Amino acid sequence: EIRHPCVREVLRYLELERGMEVHHVGDLPARSGMGSSSSFTVGLLNALYALKGEMPGNHRLATESMYVEQELLKETVGSQDQVQTAYGGLNQISFTPDGEFTVRPITLSRQRIEELSSHLMLFYTGIERTASDVAGGYVNDLRSREPQLRMITEMVGEAIAILDRGRDMSEFGRLLHEGWEAKRSLSADV
(Lines give C-alpha, C1' and ligand atoms only; values in the text may rest on other atoms or scores of the structure.)
Protein backbone atom coordinates (compact mmCIF):
# COMPACT_ATOMS: atom_id res chain seq x y z
CA GLU A 1 0.00 0.00 0.00
CA ILE A 2 3.02 2.32 0.25
CA ARG A 3 2.96 4.69 -2.74
CA HIS A 4 6.50 6.07 -2.50
CA PRO A 5 8.50 3.50 -4.52
CA CYS A 6 11.81 4.05 -2.72
CA VAL A 7 10.27 3.83 0.76
CA ARG A 8 8.34 0.71 -0.22
CA GLU A 9 11.40 -1.06 -1.68
CA VAL A 10 13.79 -0.07 1.12
CA LEU A 11 11.34 -1.33 3.75
CA ARG A 12 10.98 -4.57 1.80
CA TYR A 13 14.77 -4.84 1.28
CA LEU A 14 15.48 -4.36 5.00
CA GLU A 15 12.57 -6.65 5.90
CA LEU A 16 11.01 -4.02 8.16
CA GLU A 17 7.38 -4.79 8.78
CA ARG A 18 6.76 -2.95 12.05
CA GLY A 19 4.49 0.04 12.04
CA MET A 20 6.14 3.41 11.48
CA GLU A 21 5.67 6.78 9.88
CA VAL A 22 8.26 8.14 7.49
CA HIS A 23 8.40 11.92 7.04
CA HIS A 24 10.94 13.69 4.90
CA VAL A 25 11.70 17.29 4.10
CA GLY A 26 14.18 18.40 1.46
CA ASP A 27 15.74 21.74 0.65
CA LEU A 28 16.06 20.82 -3.03
CA PRO A 29 13.05 20.36 -5.28
CA ALA A 30 12.52 16.86 -6.64
CA ARG A 31 13.69 16.24 -10.21
CA SER A 32 16.11 19.19 -10.09
CA GLY A 33 19.13 17.19 -11.26
CA MET A 34 20.97 17.74 -7.97
CA GLY A 35 20.96 14.14 -6.73
CA SER A 36 18.03 14.56 -4.34
CA SER A 37 16.55 11.10 -5.01
CA SER A 38 19.87 9.36 -4.33
CA SER A 39 20.36 11.48 -1.23
CA PHE A 40 16.91 10.41 -0.09
CA THR A 41 17.71 6.73 -0.67
CA VAL A 42 21.03 6.91 1.22
CA GLY A 43 19.43 8.86 4.08
CA LEU A 44 16.48 6.48 4.33
CA LEU A 45 18.73 3.42 4.41
CA ASN A 46 20.91 5.06 7.06
CA ALA A 47 17.92 6.00 9.23
CA LEU A 48 16.26 2.60 8.98
CA TYR A 49 19.50 0.79 9.74
CA ALA A 50 19.79 2.98 12.85
CA LEU A 51 16.24 1.96 13.77
CA LYS A 52 17.45 -1.66 13.59
CA GLY A 53 20.43 -0.78 15.81
CA GLU A 54 23.00 -0.98 12.99
CA MET A 55 25.54 1.57 11.75
CA PRO A 56 26.45 0.74 8.14
CA GLY A 57 29.64 2.18 6.71
CA ASN A 58 29.85 4.57 3.78
CA HIS A 59 30.67 1.84 1.27
CA ARG A 60 27.70 -0.27 2.32
CA LEU A 61 25.31 2.70 2.18
CA ALA A 62 26.57 3.62 -1.29
CA THR A 63 26.38 0.11 -2.75
CA GLU A 64 23.01 -0.69 -1.21
CA SER A 65 21.47 2.58 -2.38
CA MET A 66 22.75 1.82 -5.90
CA TYR A 67 21.18 -1.63 -5.63
CA VAL A 68 17.83 -0.19 -4.50
CA GLU A 69 17.70 2.40 -7.29
CA GLN A 70 19.17 0.37 -10.14
CA GLU A 71 17.98 -3.17 -9.40
CA LEU A 72 14.88 -2.94 -7.23
CA LEU A 73 13.40 0.25 -8.71
CA LYS A 74 14.82 -0.51 -12.21
CA GLU A 75 15.86 3.12 -12.71
CA THR A 76 18.42 3.99 -15.35
CA VAL A 77 20.68 6.05 -13.10
CA GLY A 78 24.39 6.32 -12.49
CA SER A 79 26.20 5.67 -9.25
CA GLN A 80 28.07 8.87 -8.49
CA ASP A 81 25.22 10.56 -6.56
CA GLN A 82 24.84 7.62 -4.17
CA VAL A 83 28.59 7.40 -3.53
CA GLN A 84 28.98 11.15 -3.06
CA THR A 85 26.03 11.29 -0.66
CA ALA A 86 27.22 8.31 1.38
CA TYR A 87 30.77 9.67 1.75
CA GLY A 88 30.20 13.43 1.78
CA GLY A 89 32.92 16.02 1.33
CA LEU A 90 35.00 16.80 -1.75
CA ASN A 91 36.19 13.57 -3.37
CA GLN A 92 37.60 11.99 -6.47
CA ILE A 93 35.45 8.95 -7.19
CA SER A 94 36.75 6.32 -9.60
CA PHE A 95 34.60 3.49 -10.95
CA THR A 96 35.94 0.23 -12.35
CA PRO A 97 34.26 -1.87 -15.07
CA ASP A 98 33.28 -4.51 -12.49
CA GLY A 99 31.10 -2.00 -10.61
CA GLU A 100 33.50 -1.28 -7.76
CA PHE A 101 34.63 2.18 -6.84
CA THR A 102 37.26 4.03 -4.86
CA VAL A 103 36.85 7.31 -3.06
CA ARG A 104 39.83 9.59 -2.57
CA PRO A 105 39.17 12.67 -0.44
CA ILE A 106 40.54 15.91 -1.88
CA THR A 107 42.10 17.90 0.91
CA LEU A 108 42.20 21.66 0.45
CA SER A 109 43.09 24.44 2.84
CA ARG A 110 40.23 26.36 4.42
CA GLN A 111 41.30 29.41 2.41
CA ARG A 112 41.15 27.49 -0.89
CA ILE A 113 37.71 26.05 -0.03
CA GLU A 114 36.46 29.55 0.75
CA GLU A 115 37.91 30.81 -2.54
CA LEU A 116 36.18 28.00 -4.44
CA SER A 117 32.90 28.65 -2.62
CA SER A 118 33.06 32.36 -3.39
CA HIS A 119 33.24 31.52 -7.11
CA LEU A 120 30.27 29.14 -7.20
CA MET A 121 26.58 29.93 -7.63
CA LEU A 122 23.63 27.57 -7.78
CA PHE A 123 20.38 28.47 -9.50
CA TYR A 124 17.04 26.72 -9.69
CA THR A 125 15.92 26.86 -13.31
CA GLY A 126 12.47 25.41 -12.74
CA ILE A 127 13.25 22.68 -15.27
CA GLU A 128 12.18 19.30 -13.93
CA ARG A 129 13.08 15.85 -15.22
CA THR A 130 13.94 12.45 -13.85
CA ALA A 131 17.53 11.27 -14.03
CA SER A 132 16.30 7.92 -15.31
CA ASP A 133 14.62 9.54 -18.33
CA VAL A 134 17.66 11.68 -19.15
CA ALA A 135 20.13 8.79 -18.83
CA GLY A 136 17.81 6.54 -20.81
CA GLY A 137 18.50 8.79 -23.78
CA TYR A 138 22.17 7.87 -23.95
CA VAL A 139 23.18 4.86 -21.82
CA ASN A 140 22.20 2.26 -24.40
CA ASP A 141 24.69 3.72 -26.88
CA LEU A 142 27.65 4.69 -24.68
CA ARG A 143 30.22 3.20 -27.07
CA SER A 144 29.49 5.91 -29.63
CA ARG A 145 29.98 8.53 -26.92
CA GLU A 146 33.37 7.29 -25.72
CA PRO A 147 35.27 10.42 -26.84
CA GLN A 148 33.03 12.69 -24.73
CA LEU A 149 33.21 10.34 -21.74
CA ARG A 150 37.01 10.09 -22.01
CA MET A 151 37.24 13.90 -22.18
CA ILE A 152 35.04 14.28 -19.08
CA THR A 153 37.16 11.73 -17.20
CA GLU A 154 40.40 13.51 -18.14
CA MET A 155 38.96 16.79 -16.89
CA VAL A 156 38.83 15.40 -13.35
CA GLY A 157 42.62 15.28 -13.08
CA GLU A 158 42.94 18.78 -14.45
CA ALA A 159 40.27 20.09 -12.04
CA ILE A 160 42.09 18.58 -9.07
CA ALA A 161 45.37 20.10 -10.27
CA ILE A 162 43.74 23.54 -10.50
CA LEU A 163 42.42 23.26 -6.96
CA ASP A 164 45.53 21.64 -5.44
CA ARG A 165 48.10 23.92 -7.00
CA GLY A 166 46.37 27.22 -6.27
CA ARG A 167 45.84 28.08 -9.92
CA ASP A 168 43.41 30.82 -10.94
CA MET A 169 39.85 29.81 -10.06
CA SER A 170 38.61 31.03 -13.47
CA GLU A 171 40.41 27.99 -14.95
CA PHE A 172 38.18 25.79 -12.80
CA GLY A 173 35.12 27.65 -14.08
CA ARG A 174 36.25 27.20 -17.68
CA LEU A 175 36.67 23.49 -17.03
CA LEU A 176 33.18 23.23 -15.51
CA HIS A 177 31.79 24.87 -18.64
CA GLU A 178 33.70 22.50 -20.94
CA GLY A 179 32.50 19.53 -18.89
CA TRP A 180 28.93 20.76 -19.13
CA GLU A 181 29.21 21.17 -22.90
CA ALA A 182 30.66 17.64 -23.21
CA LYS A 183 27.86 16.23 -21.05
CA ARG A 184 25.21 18.07 -23.07
CA SER A 185 26.60 16.46 -26.23
CA LEU A 186 25.66 13.01 -24.84
CA SER A 187 21.95 13.59 -25.43
CA ALA A 188 19.44 16.30 -26.28
CA ASP A 189 17.76 15.44 -22.95
CA VAL A 190 20.74 16.60 -20.86
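The values are calculated or read from the model by the stated rules, or taken from the named source; none is laboratory data. Just so it is clear, the model here is predicted, and its values are computed rather than measured. As a convention, Cβ positions derive from the backbone with ideal geometry for all residues, glycine included, and neighbour counts pool all protein chains shown. Heads up: the accessible areas ignore ligands, DNA and RNA and are worked out on the full protein's heavy atoms, side chains in. Shrake-Rupley method; radii C 1.70, N 1.55, O 1.52, S 1.80 Å.
Listing for the model above:
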| item | result |
| --- | --- |
| Residue in the range 139-153 that is more than 23 Å from SER185 (Cβ to Cβ) and modelled with pLDDT of 75 or more present | no |
| Selected residue (criterion: surrounded by the most Cβ atoms within 10 Å (Cβ to Cβ)) from residues of the range 68-104 that are without any contact (Cβ under 8 Å) to a residue 12 or more places away in the chain and closer than 23 Å to HIS4 by Cβ | GLN70 |
| Residue list for the range 155-190, restricted to those being open to solvent by 20 Å² or more (accessible area, probe 1.4 Å), part of a loop (DSSP other than H, G, I, E, B) and among the aliphatic types (A, V, I, L, M) | ALA188, VAL190 |
| GLU1 being open to solvent by 70 Å² or more (accessible area, probe 1.4 Å) and within 25 Å of THR130 (Cα to Cα) | yes |
| Selected residue (criterion: most open to solvent (accessible area, probe 1.4 Å)) from residues of the range 118-130 that are within 19 Å of the chain's Cα centre (by Cα) and within 22 Å of VAL156 (Cα to Cα) | MET121 |
